[in-house]
1. Could you check residue A:162 against (1) crowded, with 24+ Cβ neighbours inside 10 Å; (2) within 14 Å of another protein chain (Cβ to nearest Cβ); (3) not in a loop (DSSP other than H, G, I, E, B) and say which number it fails?
2. Could you give every pair whose Cβ atoms fall below 9 Å, whose first residue belongs to the stretch A:194-209 and is closer than 21 Å to residue A:226 by Cα, and whose second residue is among the aromatic types (Phe, Trp, Tyr), counting only separations of at least 6 or pairs across chains?
3. Hey, can you tell me all the residues within the stretch B:364-378 that are among the hydroxyl-bearing types (Ser, Thr, Tyr) and part of a loop (DSSP other than H, G, I, E, B)?
4. Taking the stated definitions as given, is residue B:308 surrounded by 14 or more Cβ atoms within 10 Å (Cβ to Cβ), over 26 Å from residue B:226 (Cβ atoms) and over 30 Å from the mean Cα position of the chain (by Cα)?
5. Of all residues in the stretch A:423-462 being modelled with pLDDT under 95 and in a helix (DSSP H, G or I), which is farthest from residue A:248 (Cα to Cα)?
6. Can you tell me which residues in the stretch A:105-125 are over 27 Å from residue A:52 (Cα atoms), touching a residue at least 12 places away in the same chain (Cβ under 8 Å) and within 7 Å of chain B (Cβ to nearest Cβ)?
7. Across the stretch A:356-375, what is the total count of residues that are in contact with a strand residue (DSSP E or B) (Cβ under 6 Å, 6 or more places away or on another chain) and either closer than 22 Å to residue A:318 by Cα or among the polar types (S, T, N, Q) (or both)?
8. Restricting to the stretch B:315-358, what's the tally of residues that are within 25 Å of the chain's Cα centre (by Cα) and of a type in the set (Ser, Thr, Tyr)?
There are 2 protein chains.
Amino acid sequence: VSDTISSSSPRTGATRATELRATSKADVRRLCGLAQGSAHELERLGREDRAAMLDSIADTLENNHEALVTAADDETALGTTRLNGELTRTTFQFRFFAEVLREGSYLEATIDHAGSTAMGPRPDLRRMLVPLGAVGVFGASNFPFAFSVPGGDTASALAAGCPVVVKAHEAHPLTSQLSFEALRAGIEAVGAPADAIQIVYGRDAGAELVADPDIHAVGFTGSLGGGEALLSIIEGRDEPIPFYGELSGLNPLVVTPRAAEARGASIAPDLVASFTLGAGQFCTKPGLAFIPTSPSGDEMVALMTEAVRKSPAQYLLTTGIASAYEGRLAELGRAVGVTRLAVGDSDSNGFAVGSQLFTVQSGQLSKTLTQECFGPVSVIVRYGTQAELLDALGALESSLTTSIHLSDDEAELPSLIEQTMRGRTGRFVYNGYPTGVAVAWAQHHGGPWPSTNSLHTSVGATAIRRFLRPVAWQSAPQELLPAELRDGFTSIPRRVDGVLTLPTAEVR
Amino acid sequence: VSDTISSSSPRTGATRATELRATSKADVRRLCGLAQGSAHELERLGREDRAAMLDSIADTLENNHEALVTAADDETALGTTRLNGELTRTTFQFRFFAEVLREGSYLEATIDHAGSTAMGPRPDLRRMLVPLGAVGVFGASNFPFAFSVPGGDTASALAAGCPVVVKAHEAHPLTSQLSFEALRAGIEAVGAPADAIQIVYGRDAGAELVADPDIHAVGFTGSLGGGEALLSIIEGRDEPIPFYGELSGLNPLVVTPRAAEARGASIAPDLVASFTLGAGQFCTKPGLAFIPTSPSGDEMVALMTEAVRKSPAQYLLTTGIASAYEGRLAELGRAVGVTRLAVGDSDSNGFAVGSQLFTVQSGQLSKTLTQECFGPVSVIVRYGTQAELLDALGALESSLTTSIHLSDDEAELPSLIEQTMRGRTGRFVYNGYPTGVAVAWAQHHGGPWPSTNSLHTSVGATAIRRFLRPVAWQSAPQELLPAELRDGFTSIPRRVDGVLTLPTAEVR
């Protein structure tokens, strides 16, 4: 039947039917209702019990490690080494958010006792963040664990106390279903409400999901076009809801003349490894590399050309991504002033493609060259002077990252680069590569449009804030306040009468 | 000429031309460019110098106190007592944000040193919030100081380091111009960039402002219709920007049966004073009061009826607000099951109107009765049982506030009310009235749509976050980091390797 969900193998291109079906409109409505129906219970679990739930989810994911990785490798061809690492990152992320909950700062608990101020008497005011309610999460194709069903959006939303309805990505439906079952088992194992996680299948179901009145926010990692389509559905809702789209990244990387001279020969192969990693299907892939017009720059280009020529064919995730990649390669090849430097090994099986490398002079950088391209390709931009470099950077759209390779004690040019890119970068990477996004307190994975909506991160501790909103209580009796706002509660950081106060040691 | 801006007097209805003119499209473009051009310098001032700038603005506003209040009283008829208090609140707000800057927590400075984790090695990561760039602010009609040119949006945006282009409200153009001049003088007095504050006039200029490519966020306090119109312009931009609209509030207030019995006679006149305050032109006006069907409830209604009958006529701000008020009164009078209880004194001068009071049984609460109405009117909803009360509350839209009057040691019913209203309330007020929004660390002035976009506040310390976005630095050399992220910087709270760390006493 037409509403059966298929699973494809990138290695062979073969498609097989699964037992999964596209979720009907009525079922999307019903599942969103069930999710929202569990919101109160999920919130009332409190920080400690929700942290235990996240740890339990990490356990069940680990217990199903082999089955999950096998299914994901079959559906994505990303290889078991990468997928093992990705699943480890994914379970780490659940445990990390458990730590964020136990630490408690994320609540922003704030107490102003009644008193007099220069503007007159002030009543007792207490404020903290509370969950938004059920949220929709869209799995991404390129990270079947870390940014899909059990990914950062799901982990941070559940941590916040928001039930989650996931839209499974078409590229890995069986992995999605297994992940969903592991999540649900982890939730049930600690007696938390199983309805707090739901899954839907099919593009129509995704559209219904973002329009559903029980959905209070949407987390999305995917293409700019896909994000804009969802955003326009959201704009048609009676009640606007936040849309957190992580959409696009060109991720320029600059090698300063002094860095090329000092370390060009070691940067070149690492840079090729970064843009071909995971078949170039990272939102943080360095798509544009600025290399100086100089003898050491020439040597870097020669080394990169050689490395790309020797690079093996890799499988892209879907036939759609593979044909888009071929289309973009053709566009790049036709662009004015562009030279194709290298073509790696290719392979005619499934969705396999070869890596490619192009180059252009900075003065000829056009719109065709500065848009994200999914796949193992990058464009080297040669620049002569500092002014040429800064002009070219100044014409780029915003990105998730900007990387700068510099030499020891070099500050002036890097500082100018940072000034130029500050308004359009989420993360600056020094002497490194943007692929790889550590889950950490200080992480930021975002950036001005079209990277994401600018104010929020989709990786790291503060990703939880996307799913929380403030509430204030004025002159409330103690017993009607949340525990964290009562007098004498001392186990989390709070701001009391303007002064940030750490938890008392005994209680911690 | 047609593009001259007029100023009206609510006391006489007379209109006079001013020397101000509607800002042309080209001038809006130019002024936004000037504002954005000062962004870098404003950011580079740093926290201490920007705090001094805010204090200086407070000083110049105070130095122009008399001229400002005179102009505002002429254009709004709100009276000098109220306007003196409002201007004091406004200067307090600038000094409060100076304190927020000096304290420094708002930067969310976070450092994770390089190390190994369960997911592998982690690079050195440092994160803090940076300003968005120039923002647009729309002055509101009902608070010519506190929510207009020198209001909370302007103060929090300048504090964040974002230049501000204000759209002056038509209801008080001369007050707006004087306020703008005071802001600019305060900025110039400390050598900060004068271009960081700009003003535009006229509705067309407002539409140009939100569409301008140099504008990175919009703060708006006004009607739901006005907000939706701006939002639809923003949706048409190439780059979406955040819209912070504070739009609408019905602000239900509940008196429990036990509270009516214990304190009904004192609640009744205070409640009338709250909904007639400032001619009922507060976004926090209690527009719906739930009073039990009981002898003490009857007594409350009688006392409120008497108080409204005796209440003096008041001037509304504009002829538009006055005619909308009369229209809504007619609608309320025609609504099924509604009884008009009282009509206060009226007056035929200018935009003067009388206060009114209506009542209805909770079972007959209709959409007509549950929409915000600007002006000195409220609707008493009588409820028999707890179930009737909760059913009626459960059908309301979201509001900025929900107020609950309860008796000593009463917890069960208030807790059910809070549960019912939690998903649609920004601030719970106990045994008090929602009018009056203290500027404080723990304040929240917001709430789910249509009160505002749900995640942010427009009053209180965290209002600054609307105009900030995160940036992360990975493995950055010390000299390329912002001062607050360098090793050894100890004068603000920071999170270091996951641990929240207070400033060291010596430096503070």
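The values are calculated or read from the model by the stated rules, or taken from the named source; none is laboratory data. A quick note: this is a predicted structure, and the numbers were derived from the prediction, not measured. A quick note on method: Cβ atoms are made from the backbone with ideal geometry, for glycine too, and the neighbour counts reach across all protein chains shown.
1. So residue A:162 meets the others, but not (3).
2. A:199/A:180; A:206/A:138; A:209/A:138
3. B:366
4. Against the criterion (surrounded by 14 or more Cβ atoms within 10 Å (Cβ to Cβ), over 26 Å from residue B:226 (Cβ atoms) and over 30 Å from the mean Cα position of the chain (by Cα)), residue B:308 does not qualify.
5. A:423
6. Once the filter is applied, which keeps residues that are over 27 Å from residue A:52 (Cα atoms), touching a residue at least 12 places away in the same chain (Cβ under 8 Å) and within 7 Å of chain B (Cβ to nearest Cβ), the stretch A:105-125 yields A:111, A:112, A:123, A:125.
7. Selection size over the stretch A:356-375: 5.
8. Residues that pass the stated criteria total 6.
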